[in-house]
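Worksheet for the structure shown next.
The values are calculated or read from the model by the stated rules, or taken from the named source; none is laboratory data. Computed from a predicted model, the values in this text were never measured in an experiment. Virtual Cβ from ideal backbone geometry, glycine too; neighbours counted across all protein chains shown.
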Amino acid sequence: MSKHINKITLFLSLICLILGIRTNWREYTFQKASTVAKATVISVDTKLKSGKALANVDYVLAYERDNVTGTISHFTTEAYSTTEPLPSIEELKNNVFYVHYVQKNKHNETPFKDRLFISDSNLLENDFDTGWFIRMIFVLMVGYLLSKGFFRNN
């Protein structure tokens with residue numbers, strides 16, 4: 001019975017490891033192929049959430065992508081209180097955003113050719129965490145050692 005559980009754990013660990021490698025590789029190719037464009041805020045709309053100290057902020061951003069101007073909506077949530085009030089519409093319009101996208105001539109370099117990533121930095125952060133690989137390799141090694149009977153008392 002425990003041999004079957006060990007084999008199932010080993011198999012699931014391998015599947016998760018392969019999927020993790022695939023996901024990180026796809027994110028890496030997007031990061032390498034993407035280009036950044038500075039976006040300007042066209043309009044801002046705020047909606048207060050009733051009973052909560054939160055406000056939904058809807059930005060409409062204009063940016064240039066492959067020499068064509070486009071617009072996109074960007075939603076954020078802002079917290080406010082009596083000591084730290086919600087910024088005014090003018091202050092919100094002064095926020096700087098960057099749109100990360102893949103140019104048409106680099107569409108074959110990444111599977112995420114239509115992805116738009118909006119941030120407040122012109123650098124694209126490395127969102128994929130290599131710590132998950134280390135954890136998965138640890139689970140994989142433990143599953144392998146269990147399947148070989150390494151932890152049995154003789």
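Looking across the range 23-51, the residues that are under 16 Å from Val99 (Cα atoms) and of a type in the set (S, T, N, Q) come down to Gln31, Ser34, Thr35, Thr40.
Looking at the range 66-75, can you tell me whether even one residue there is among the charged types (D, E, K, R), in contact with a Gly (Cβ under 9 Å, 6 or more places away or on another chain) and closer than 18 Å to Asn122 by Cα? No, the range 66-75 has no match at all. Filtering Phe150, Phe97, Phe75 for residues that are among the aromatic types (Phe, Trp, Tyr) and at pLDDT below 90 leaves a single hit, Phe150. Among the candidates Lys52, Lys7, Lys32, Lys47, the residue that is surrounded by fewer than 16 Cβ atoms within 10 Å (Cβ to Cβ) and assigned to a strand (DSSP E or B) is uniquely Lys47.
Yes or no, residue by residue, for (1) over 30 Å from Phe138 (Cα atoms); (2) in contact with an Asp or Glu (Cβ under 8 Å, 6 or more places away or on another chain):
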| residue | (1), (2) |
| --- | --- |
| Ile18 | no, no |
| Asp45 | yes, yes |
| Ile72 | yes, no |
| Phe75 | yes, yes |
| Pro85 | yes, no |
| Glu91 | yes, no |
| Asn95 | yes, yes |
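The single residue among Thr110, Thr130, Thr83 that is among the hydroxyl-bearing types (Ser, Thr, Tyr), touching a Ser or Thr at 6+ places or on another chain (Cβ under 7 Å) and modelled with pLDDT under 90 turns out to be Thr110. Identification of strands (runs of 3 or more DSSP E) wholly contained in the range 56-148 with 2 or more residues that are of a type in the set (A, V, I, L, M), surrounded by 15 or more Cβ atoms within 10 Å (Cβ to Cβ) and touching a residue at least 24 places away in the same chain (Cβ under 8 Å) yields 97-102.
Scanning the range 7-47 for residues that are touching a strand residue (DSSP E or B) at 6+ places or on another chain (Cβ under 8 Å) and either free of Cβ contacts under 8 Å to residues at least 24 places away in the same chain or among the hydroxyl-bearing types (Ser, Thr, Tyr) (or both) yields Ser34, Thr35, Thr40, Ser43, Asp45, Thr46, Lys47. When the range 3-22 is limited to residues that are at pLDDT 80 or above and not aliphatic (A, V, I, L, M), the one that is nearest to Val102 (Cα to Cα) turns out to be Arg22.
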